[in-house]
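Read-outs throughout are calculated quantities, based only on the coordinates presented, and are distinct from any laboratory measurement. Not measured: the values here are computed from a predicted model. Cβ coordinates were reconstructed from backbone atoms using ideal geometry, including for glycine residues, and neighbour counts include every protein chain displayed.
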Amino acid sequence: NCRATDKSAISVCFSIECASYNGNHPIRYCQQCHNIRHNNRRGGDHVYHMSLPHISLMNPQTQTYLVQAIV
């Protein structure tokens, strides 16, 4: 039921509440849907993964760890 123009998945939520919308499997959300489901009023206690930011936006130590993890 996503109505966003950019439907790129930016998060995966593992909470029971969100998974119930997807046959009890973790569900991927675009930015707009993620913000709706995980705002200050609800979803604050959900466990979810977000995509990594662009490497140029990371601090130098994290950049080093990321490069070492790949190499």
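State the answer as a single residue: which of ALA69, CYS18, HIS54 lies farthest towards the positive end of the charge dipole of the chain, with beta carbon charges of +1 for Lys and Arg and -1 for Asp and Glu, about the Cα centre.
Of ALA69, CYS18, HIS54, it is CYS18.
What FRET efficiency comes out for ALA69 versus ALA9 if R0 is 22 angstrom and r is the Cβ-Cβ distance? Round to the nearest 0.05.
After rounding to 0.05, the efficiency reads 0.55.
Please compute the volume of the convex hull spanned by the alpha-carbon atoms of the chain and report it per residue in Å³. Let's see the in-between values first.
On the way: hull volume 9.1 nm³, N = 71.
Cα convex hull per residue, to the nearest whole number: 129 Å³.
So which cysteines of the chain have no other cysteine's Cβ under 4.7 Å from theirs?
For the chain, the answer is CYS2, CYS30, CYS33, because their Cβ atoms have no other cysteine Cβ under 4.7 Å.
Once the Cα atoms of helix 60-70 and of the chain are each reduced to a long axis, what angle between those two axes, in degrees from 0 to 90 to the nearest 10, is obtained?
80 degrees
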